[in-house]
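The structure under discussion appears below in the form of C-alpha cells.
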Amino acid sequence: MKRIIFLLLASVLTLSACASPVPTEPPAAAPPEPSPTPVVIIQTVLVEPTQPPTEVPPPTPLPPTPQPIVVTVVVEPTQAPAVQQPAAPTAASDAPITLDPALGKGVFTNMTISSANLTLRCTPREVVFNVTTSNPDIVDVLFYYRIMDLKRLYKKDYKAFGNMTRNGNGNFTLVFKGEDVHPNLRIDGSWLDFQFVGLAKSGNVVDRSQTIESQIKYTFDCP
C-alpha cells in the first residue's frame, strides 16, 4: 500500500515538471526599501592621551572698583571782606558800660557810663555816670572833663563841671549832656575825657581817680 502511494506521488511530480516552462534565469531580487527610521549606532572608543591635559588658567581677577575721589576747591576772595565793627552802645541800652576798676585807684569802684557816645544835636544827648566809694572821708565827688581831638595832638586842660548827686551809701550819679560841654571847647569828632575827684566835708581833695580817656566819643550830629 505504501508503495502504491509513493508511486502516485512520483507520477504527479513528473507531470508537474513537464507542464511548467523551464526558467532561463532566476529574477533578480528587488533591493530592500530604505527604512523610514534611521538607525543610530553609538560606539564608545577609548583613546589614550599622548600629552597631559593643558591646565586651565585660573580666572583673571576683576579690577577693584575705583573709589570716588573728592576734590575740595578753595577759592580765595579777591578782596578781604569788610570787618563789621560792633555797634557802640547807646543811652537806650539797659546795660551800662563798666569801666576798668584799676582806673578808680582803689578810691572809686563800680564806675559805669550809660553810653560810649555823646552828641550835641542827635542821640544820645546825655551820658549817665555812676561811681561808688568806700572812703568815709569822701562826702562829695567833683566831676572834671576835657575835650581832646581823636589823634590827641593838642593837649587840653581839665575843666571842673560840678558835683555829682549823692545817692547815699557812697554812691554818686551825674547826668552830663552834650550841650554841657563849654562852647569854646567843643570839637566835632573828639574824645570826652573825665576824672572823679573825692572831696572832704571841708571841700578839700581827699583822693581822685585816674584820668579816664578814650571811652566816650563826642560829635555834633549822629555818630
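Charged neighbours of W191, selected by a Cβ distance under 15 Å, balance to +3 (K, R count +1; D, E count -1). The order of the peptides 162-173, 116-127 by mean Cβ neighbours within 10 Å, most packed first, is 116-127, 162-173. For S134, the solvent-accessible surface with a 1.4 Å probe is about 110 Å², rounded to the nearest 10.
Ratio of Rg to Rh for the stretch 155-223: 0.99 [Cα atoms; Kirkwood radius as inverse mean 1/r over pairs]. Largest accessible area first, the residues Y145, Y158 order themselves as Y158, Y145 under a 1.4 Å probe with ligands, DNA and RNA left out. Using 0.36 nm per residue and subtracting the Cα-Cα separation, the extra length available between T112 and T165 on full extension is 17.6 nm.
What dipole magnitude, in Debye to the nearest 20, does the stretch 144-188 give about its Cα centre under +1 on Lys/Arg Cβ and -1 on Asp/Glu Cβ? Roughly 180 debye for the stretch 144-188.
Over the stretch 98-173, the reciprocal of the mean inverse Cα-Cα separation, the Kirkwood hydrodynamic radius, stands at 14.1 Å. Take every DSSP beta bridge whose two residues both sit in the stretch 89-223, then give the antiparallel share in percent to the nearest 5. In the stretch 89-223, DSSP labels about 90 percent of beta bridges as antiparallel.
The amide H of S115, built 1.01 Å from its N in the peptide plane, has I97, V128 as neighbours under 5 Å, considering only residues 5 or more places off or on other chains.
The values are calculated or read from the model by the stated rules, or taken from the named source; none is laboratory data. Treat the numbers as computed from the prediction; the structure is a model and nothing was measured. When we count neighbours, we look across all protein chains shown, and the Cβ atoms used for this are built from the backbone with ideal geometry, even at glycine. The accessibility values were calculated without ligands, DNA or RNA, using every heavy atom of the protein model including side chains. Shrake-Rupley method; radii C 1.70, N 1.55, O 1.52, S 1.80 Å.
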